[in-house]
DNA sequence: ATGACCAATTGA
DNA sequence: CAATTGGTCATG
């Protein structure tokens, strides 16, 4: 292999052609000097074989988002391999790019400019990732260069010089892999199919108490047995670390990498290279791992795809599940969409027949967990508003007390803090900060109310509506729950995991663990009981996914129960989401939601996109948009001022407006294409930017 | 983005 | 009539 040094790459090589040498030196050294020599020297001697490099140039402009051809100087012939990083001259500037292909000739009419420099011969953009990035950009109406920024980690030159140690041999026990899935209908056949080199596609609803990282690791092992690699994406680092530990347990040391931004740039690039060079064939990680160039990919797994951490916050805002499904489609791999809950999108995969359902038989579920709801129904509350009763009803206390006889007990509470929102005691008007109108809250039992946005203490608050000076706390947070339970169970250790104090695991002793959704620690043998408080609060948000999201959070907490354990939810037993929890029927609930999404014409029954920007820019963008048939525009409407921002004077940030466009599911690709075309037009005309989000996480 | 080019508009 | 401004186009 040739040394990938940049110096060698830019060395002017040419025999005899003084002019050319001068020009190259000039460009390398001072840039302008060559302009003096007006004679048109031919570019540096081109490579003998495939002298044309097709380069994806890294530009933020939508209308330039396509490959451009460059001449490969003979001196760079060996290094300018497909997938490598290069610097090229584009419109008078030096810009970065990736070589996507080498070719014998170009379709371009004019003269080709030479590559300026091969940054490194390391092929960091695998062909299948180049293809994937195109599909992702298309689907999300964004640019490939934005997608590539997500897909290829920043270079770390020192790390690149080190070789990647090859993984040792691993022996896979296919029988053990099958056994890990034997609790599920179609589970063993899924694993057998993977081990034989097949590409099954499944939506997997995990049974309560499932050691899902172990099951995932076994599915990966089965895939390895067929000589193929695998890729697992989890919502957060905590889950990725669990899967990583399970992979080590099943495959042995050094068979996989955990790709995570948390590990820092050097380690991240080292692990990426280990994958890209084929030294590791199994990857687990969060969002960005979905683009990892695993060799001979055989299986993609996404865990808990309903978690909005899977939604990338950077343009073009792709969702891990969609990236992995596109990839499975393009590369013909197996796909596993797993979770305790089932997203509506996952239910759609089953409805269209794209995937099969892998689930435990109803009987087994009933034996495994007992779920009940404590609380008054909405009807009862309507008749008697005081029927709400205690925040922690007797049945829930009993579940905690009985649970503590057998092991740890998990108490999920939807909000962190102490009293995260306050209202007028008399007229129930939400209490707001006098200075910035942020929400008031309490941070502890003996602190004055303070603003959640600007922190200003509100010592003498009085209601702007009715003049009353008393406050009440309609919502209580994890701190307050911990305090209350401490009084009720004075002899018991209480651990809290929420906000910035998240714990990954607990010891498994007889303690109470208070946690906010997503921050639940894992207990080694599972929790004896799981109690879900204030379920009404999770259902109170005004969002399309409110019920789906609430159920997902409950199932994820309830899923941590030990086999044979007890789950008690405090809330309205008549609510469909709680009924789905009691029946442990995530898929049934998701299927029901499909119907509602169809009626409301919302994703995934429709494709929806938002256009955000200044009022004028959004209007203008809509004017340039050629909608496909059956599509419609809603809005634009002004966006409410965001939290956290200080509303100090002298700020000239113009308010943002947002329009929503939507099209029937079948016209989704056409809608994305229309939006992309609009962005191309806008960028060519240098118009003010408008942010386009296709199927945004929240509406 | 940057730069080139052309056409319409403005000012003396 | 020249200078300026604005829109369009190409960038390899």
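The values are calculated or read from the model by the stated rules, or taken from the named source; none is laboratory data. Everything numeric here is computed off the predicted structure, so don't read it as measured data. Methodologically, a virtual Cβ is constructed for each residue, glycine included, from the backbone with ideal geometry; neighbour enumeration extends over all protein chains shown.
Residues of segment A:682-692 that are under 15 Å from residue A:618 (Cβ atoms), within 14 Å of DNA strand C (Cβ to nearest atom) and surrounded by 16 or more Cβ atoms within 10 Å (Cβ to Cβ): A:682, A:687.
Does residue A:343 satisfy being over 22 Å from the mean Cα position of the chain (by Cα) and in contact (Cβ under 8 Å) with a residue 12 or more places away in the chain? So residue A:343 does not fit the description; no.
Scanning segment A:77-103 for residues that are within 16 Å of DNA strand B (Cβ to nearest atom), in contact with a strand residue (DSSP E or B) (Cβ under 9 Å, 6 or more places away or on another chain) and farther than 14 Å from residue A:155 by Cβ turns up A:88, A:89, A:90, A:94, A:95.
As a summary of the residue check, residue A:553 satisfies the conditions (1) closer than 24 Å to residue A:601 by Cβ; (2) part of a helix (DSSP H, G or I) except for the one numbered (1).
If the condition is being touching a strand residue (DSSP E or B) at 6+ places or on another chain (Cβ under 8 Å) and more than 30 Å from residue A:410 (Cβ to Cβ), then segment A:465-486 contributes A:465, A:466, A:468, A:470, A:471. As a summary of the residue check, residue A:106 satisfies the conditions (1) within 16 Å of DNA strand B (Cβ to nearest atom); (2) touching a residue at least 12 places away in the same chain (Cβ under 8 Å) except for the one numbered (1). Could we say that residue A:39 is more than 24 Å from residue A:142 (Cα to Cα), away from DNA strand C (no atom under 14 Å from the Cβ) and at pLDDT 95 or above here? No; evaluated as a whole, the condition is false for this residue. Checked against (1) surrounded by fewer than 18 Cβ atoms within 10 Å (Cβ to Cβ); (2) at positive phi, residue A:209 passes all but a single condition, namely (1).
Considering A:408, A:414, the condition of being within 30 Å of residue A:371 (Cβ to Cβ), out of contact with any helix residue (DSSP H, G or I) (no Cβ under 8 Å at 6 or more places or on another chain) and buried (at least 21 other Cβ atoms within 10 Å of the Cβ) is satisfied by A:408 alone.
Among the residues of segment A:537-554, what is the count of those that are without any contact (Cβ under 8 Å) to a residue 40 or more places away in the chain and over 20 Å from residue A:345 (Cβ atoms)? Qualifying residue count, segment A:537-554: 3.
The single condition among (1) in a loop (DSSP other than H, G, I, E, B); (2) crowded, with 16+ Cβ neighbours inside 10 Å that residue A:111 does not meet is (2). From the list A:501, A:452, the lone residue that is out of contact with any helix residue (DSSP H, G or I) (no Cβ under 8 Å at 6 or more places or on another chain) and assigned by TED's automatic domain parsing to the domain that holds residue A:524 is A:501. Take residue A:130 and decide whether it is free of Cβ contacts under 8 Å to residues at least 24 places away in the same chain and closer than 28 Å to residue A:313 by Cβ. When the stated conditions are applied, residue A:130 does not pass them. Looking only at segment A:67-86, residues that are within 14 Å of DNA strand C (Cβ to nearest atom), under 31 Å from the mean Cα position of the chain (by Cα) and surrounded by fewer than 19 Cβ atoms within 10 Å (Cβ to Cβ) come to 1 in all. If we scan segment A:161-180, do we find a residue that is crowded, with 22+ Cβ neighbours inside 10 Å and either touching a helix residue (DSSP H, G or I) at 6+ places or on another chain (Cβ under 9 Å) or farther than 30 Å from residue A:312 by Cβ (or both)? Yes: segment A:161-180 contains one or more residues that are crowded, with 22+ Cβ neighbours inside 10 Å and either touching a helix residue (DSSP H, G or I) at 6+ places or on another chain (Cβ under 9 Å) or farther than 30 Å from residue A:312 by Cβ (or both).
Among the residues of segment A:483-494, some residue qualifies, meaning at least one is assigned to a strand (DSSP E or B) and assigned by TED's automatic domain parsing to the domain that holds residue A:528. Here is a check on your reading of the model: is residue A:115 closer than 28 Å to residue A:270 by Cβ, within 11 Å of DNA strand C (Cβ to nearest atom) and either touching a strand residue (DSSP E or B) at 6+ places or on another chain (Cβ under 7 Å) or in contact (Cβ under 8 Å) with a residue 12 or more places away in the chain (or both)? Criteria met by residue A:115.
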